[in-house]
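Since the structure comes first, as structure tokens, the remarks are kept for the end.
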Amino acid sequence: MPNRKYTPYSKAVYQEASPNLKTENPFEEMMGRFNIAAELLNLEEGIYNFLKVPAYQIIVSVPIQMDSGEIRVFEGYRVIHDVTLGPSKGGIRFAPDVTLDEVKALAAWMTWKCAILGLPFGGAKGAVKCDPTKLNPKELEKITRSYTARLIDIFGPERDIPAPDMNTNEQIMAWIMDTYSNHVNYTETAVVTGKPVILGGSLGRLEATGRGVMIVTMRALNNLHISPYGAKVIVQGFGNVGSVTAKLLEEQGCKIVGISDITGGYYNPDGINIPDAIEYIKKNKVLSGMPNAENLTNEELITQHCDVLVPAAKEDQITAENASKLNCRLIVEGANGPTTADADPILNDRNIMVVPDILANAGGVTVSYFEWVQDRQGFFWSLDRVNNNLKQAMENAFDKVFDTAAKFKQSLRIGAYVYAIEKVSGTLKLRGLYP
Ligand code: GLU
């Protein structure tokens, strides 16, 4: 067994272990939590080693001809972490600073997410190292099609099913579907999810991640005996996840006192009108200049007093440096990996409940699963059916994670890892090893 020192209950040991959790490497951050859960489960060494290493780590070159005529070659990745539960599932992100290690961590998180939600999928993630703000739509289309063509034998409705992630959207999913369909010579909608509804997408998919965040927030507030009516919420990030979460929590009676985007934080202790903010960002592209809110830095915003903090922007926002300054009772992780592993024990000690990313933001992949089911059946659901099924799935998953955490006397994060690893390792034992 690797050197994993964590013993349940012992804060001293947790602290001793935490310096090892401090790392700039997202895959190691994921492994920090995985190790604690593996220890609690007494996971056999063979299974530990099996789950530690992604099944596939694919690097492809993505050559395109730019509008200027120049040929440029981008780097693309697809990491399939595990396929024990079924075909692998996970989004594709476009970002200039993306690394293979980041994609590896994100792929593993997809394995755990799908396991927690009871979806028949393994976990994967893909990326292209590019700056979408510097590419025009034609170039973006070429990158998408070139990347898809490189991975044509990897993708497939029974093999590996991509979806949107950071800086990718419905249009990009439509190009993936079209490229794949042209290669196989028939229209295959189930090869990718998060498509436009007219192309076999699902109603409710666009809002699904934010809706899932809202559903688990309500569950957690109930658990903490905090009424949602007037509960103060700060949402970091105002993209698809953050803006939908803010809108839906406001509809539940919460008071959204802070929101943010790349231009900074916007704070009003009397509440920000979210439909107005959504209108504002639609018109102006950014929140900068938004009326009726004080302009703070992102860092200042997340330390303001609130009941619920929803980090819905990017990785590594809540760290060992700022965890002791947070002024909230509940954190619900809309983003993937917003909390560094070394911040976990600080939040635990401060009794701040954290609904972890692999549970909190799993609404997106859950409705992706519904989309895949609908595509394969050729029968499409009403929005009510999608939303009701999502609510049921998220609430069940929350309760299972909560019970596991209580059983092991651990945080919800470790409860979530334990539940997921137990499920995947149990399935792996039943399937056995081939050959
Ligand atoms: N990219 C989303 C996530 O991180 C959705 C993945 C999917 O729908 O497959 O969960």
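Excluding Leu428 itself, what net charge comes from residues whose Cβ is under 14 Å from its Cβ, given Lys and Arg +1 and Asp and Glu -1? It works out to a net charge of 0. Sparse packing (at most 12 other Cβ atoms within 10 Å of the Cβ) combined with a DSSP loop state is found for the following GluC sites (Glu not before Pro) in segment 137-235: Glu158.
Taking only the C-alpha atoms of segment 183-314, Rg followed by Dmax gives 16.8, 57 Å.
Loop-resident GluC sites (Glu not before Pro) (DSSP state other than H, G, I, E or B) in segment 284-369 with no more than 16 further Cβ atoms inside 10 Å of their Cβ: Glu321. Relative intensity of segment 389-435 on a log10 scale, I(q)/I(0) at q = 0.17, 0.28 Å⁻¹, equals -0.56, -0.92, per a Debye sum over C-alpha point scatterers of equal strength in the absence of solvent.
Restricting to the chain, compute how many DSSP beta bridges are antiparallel as a %, nearest 5. The antiparallel proportion sits near 50 percent. When each of Ile352, Ile152 is scored by the number of other beta-carbon atoms lying within 10 Å, the sequence from fewest to most is Ile152, Ile352.
Pairwise over distinct Cα atoms, reciprocal of the mean inverse distance: report the Kirkwood radius of segment 324-425 in Å, one decimal place.
It is 15.1 Å.
Within segment 115-192, the chymotrypsin sites (Phe, Trp or Tyr not before Pro) that combine a DSSP coil assignment with at most 10 other C-beta atoms in a 10 angstrom radius are Tyr186. In plain terms, the residue of Cys130, Cys114 with the fewest other Cβ atoms within 10 Å comes first and the most crowded comes last, giving Cys130, Cys114. With the helix formula -39500 (n - 2.57) applied to DSSP H stretches of n ≥ 4, the chain reaches a computed 222 nm mean residue ellipticity of -14500 deg cm²/dmol. Over all Cα atoms in segment 350-410, the spread is summed up by Rg and Dmax: 14.7, 50 Å. How much net charge surrounds Asn136 when only the other residues with a Cβ under 14 Å from the Cβ of Asn136 are counted, with Lys and Arg +1 and Asp and Glu -1? With Lys, Arg at +1 and Asp, Glu at -1, the net is -1.
What translational diffusion coefficient, to the nearest whole µm²/s, does the chain have by Stokes-Einstein, given a Kirkwood radius computed over alpha-carbon pairs, a temperature of 20 °C and 1.002 mPa s viscosity? For these conditions, the coefficient is 98 µm²/s. Dipole size of the chain about its Cα centre, with +1 on Lys/Arg Cβ and -1 on Asp/Glu Cβ: approximately 740 debye, rounded to the nearest 20. Two numbers describe the Cα atoms of segment 45-138: Rg and Dmax, which are 15.5, 54 Å.
Across Gly289, Gly258, Gly91, mean-square fluctuation computed from a Gaussian network of the chain (C-alpha pairs under 10 Å connected) peaks at Gly289. The convex hull around the C-alpha trace of segment 152-200, projected and averaged over every direction, spans 3.2 square nanometres.
Computed over the Cα atoms of segment 131-179, the ratio of the radius of gyration to the Kirkwood radius (Rg/Rh) comes to 0.96. Applying D = kT/(6 pi eta Rh) to segment 112-236, where Rh is the Kirkwood radius over alpha-carbon pairs, T corresponds to 20 °C and eta to 1.002 mPa s, the Stokes-Einstein value obtained is 128 µm²/s.
Segment 236-365 gives an Rg/Rh value of 0.94, both radii derived from C-alpha positions and Rh following Kirkwood.
Partners of Lys142 within straight-line reach, counting lysines whose Cα lies under 16 Å from its Cα and excluding those fewer than 8 residues away in the same chain: Lys129, Lys134.
Rule-based calculations on the coordinates, nothing more; no lab input. Here the structure is a predicted model, which is why all the values come from computation and not from measurement. Virtual Cβ from ideal backbone geometry, glycine too; neighbours counted across all protein chains shown.
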